[in-house]
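Working notes, structure below.
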Amino acid sequence: QVQLVESGGGLVQPGGSLRLSCAASGSIVSSNAMGWYRQAPGKTRDLVAFISSGGTTTYANSVKGRFTISRDNAKKMVYVQMNSLKPEDTAVYYCNTLPPRNGYWGQGTQVTVSS
């Protein structure tokens, strides 16, 4: 059974930074493109960053230049470093494959950007 467990969220002031981690079971990380998604209250769950199996990264315009996605296949981990956080980054953040698989969604980790 595949499990994806996100961690690292919290409350941060505007302009602050957080690093989110995603721990995966099995070979999901090494075998797939992996993405970070987020869902704000009342909004759809959107892709904000992904990394290909070869390491190529792509970002949504809203986070480009502020977020950095990375992966460690040996540790079965995916990360996103989030800098210069804005209130509009407030959301629950999830990791999943790209495209996402319904059965892989974890609980997510809450990120709140507020003064």
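The values are calculated or read from the model by the stated rules, or taken from the named source; none is laboratory data. This structure is a prediction, so every number in the text was calculated from the model and none was measured. Cβ placement follows ideal geometry from the backbone for every residue including glycine, while neighbour counts extend to all protein chains displayed. SASA here: full protein model, heavy atoms, side chains in, ligands and nucleic acids out. Shrake-Rupley method; radii C 1.70, N 1.55, O 1.52, S 1.80 Å.
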**Request:** Pull up the range 31-46, narrow it to residues that are open to solvent by 60 Å² or more (accessible area, probe 1.4 Å) and over 14 Å from the mean Cα position of the chain (by Cα), then point me to the one that is nearest to LYS75 (Cα to Cα).
**Result:** SER31
**Fill in**
Scanning the range 96-110 residue by residue, those open to solvent by less than 50 Å² (accessible area, probe 1.4 Å) and among the aromatic types (Phe, Trp, Tyr) turn out to be TYR104
**Item:** Of the criteria (1) open to solvent by less than 30 Å² (accessible area, probe 1.4 Å); (2) more than 17 Å from GLN110 (Cα to Cα), which one VAL2 fails
**Value:** (1)
**Item:** Matching entry among VAL12, VAL92, VAL29 (being more than 19 Å from VAL111 (Cβ to Cβ), of a type in the set (A, V, I, L, M) and out of contact with any Phe, Trp or Tyr (no Cβ under 8 Å at 6 or more places or on another chain))
**Value:** VAL29
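Okay, residues lined up against (1) modelled with pLDDT of 95 or more; (2) charged (D, E, K, R); (3) open to solvent by 30 Å² or more (accessible area, probe 1.4 Å); (4) part of a loop (DSSP other than H, G, I, E, B):
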position	(1), (2), (3), (4)
SER70	yes, no, yes, no
ALA74	no, no, yes, yes
LEU85	yes, no, no, yes
TYR94	yes, no, no, no
THR112	yes, no, yes, no
**Prompt:** Quick one: how many residues across the range 72-99 are of a type in the set (Val, Ile, Thr), in contact (Cβ under 8 Å) with a residue 60 or more places away in the chain and in contact with a helix residue (DSSP H, G or I) (Cβ under 9 Å, 6 or more places away or on another chain)?
**Reply:** 1
**Item:** Residue list for the range 5-30, filter: modelled with pLDDT of 95 or more, open to solvent by less than 60 Å² (accessible area, probe 1.4 Å) and not hydroxyl-bearing (Ser, Thr, Tyr)
**Value:** GLU6, GLY8, GLY9, GLY10, VAL12, GLY15, GLY16, LEU18, LEU20, CYS22, ALA23
